[in-house]
């Protein structure tokens, strides 16, 4: 007979291993995407993005598309948040955040944009993008497969976090999750 302590220890270990044990997937065949994007999925024809995958090479770096007023308006329609900073009275709003950053070749198409806390987009998420960019810049022959899965609360179209995994063909990788709190909260 297995004791309850052993049982809960086994369950806990399984949950921990499953949390980051299997790779993130985004393998549904997709048409009409711009390189370096290879796949994405939505929960409905024009629904929120549930995953996106890109294979990023040196030739893609710096060739992405910046947001426009039209793309920012689209993201605002998804439930973008805004607030006024209590001491500086500056607008602390969501950015039209790229899932695959324009510095990595990401397009401004709707399948690659989400409402993202500006502190996170310009802080922790930019650091992830820079990490991938530097990985490729340091070895122009390496490619990086980058998968991002937005995490949503219920039916909301604004994600509460971004889970991501990148794997370089030199064997290095990283998997993590970055929160996407409502502004003006920071991204920690």
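The values are calculated or read from the model by the stated rules, or taken from the named source; none is laboratory data. Just so we're clear, the structure is a prediction, and the values are computed from it rather than from any experiment. Note that each Cβ is placed from the backbone with ideal geometry, even for glycine, and that neighbours are counted across all protein chains shown.
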Within region 68-97, residues being at pLDDT below 95 and under 15 Å from residue 109 (Cα atoms) number 13
From 150, 159, 183, grab the single residue that is closer than 21 Å to residue 67 by Cα, under 11 Å from the mean Cα position of the chain (by Cα) and in a loop (DSSP other than H, G, I, E, B). 159
Among the residues of region 91-104, what is the count of those that are surrounded by 20 or more Cβ atoms within 10 Å (Cβ to Cβ) and either touching a strand residue (DSSP E or B) at 6+ places or on another chain (Cβ under 6 Å) or outside any loop (DSSP other than H, G, I, E, B) (or both)? 8
Any hit, region 31-42, residues being at pLDDT below 90, surrounded by fewer than 18 Cβ atoms within 10 Å (Cβ to Cβ) and in contact with a strand residue (DSSP E or B) (Cβ under 9 Å, 6 or more places away or on another chain): yes
Among the residues of region 165-180 satisfying the criterion of being in contact (Cβ under 8 Å) with a residue 12 or more places away in the chain and part of a loop (DSSP other than H, G, I, E, B), which is surrounded by the most Cβ atoms within 10 Å (Cβ to Cβ)? 180
Do you know which of the residues in region 146-164 that are surrounded by fewer than 20 Cβ atoms within 10 Å (Cβ to Cβ) and touching a residue at least 40 places away in the same chain (Cβ under 8 Å) is nearest to residue 22 (Cα to Cα)? 163
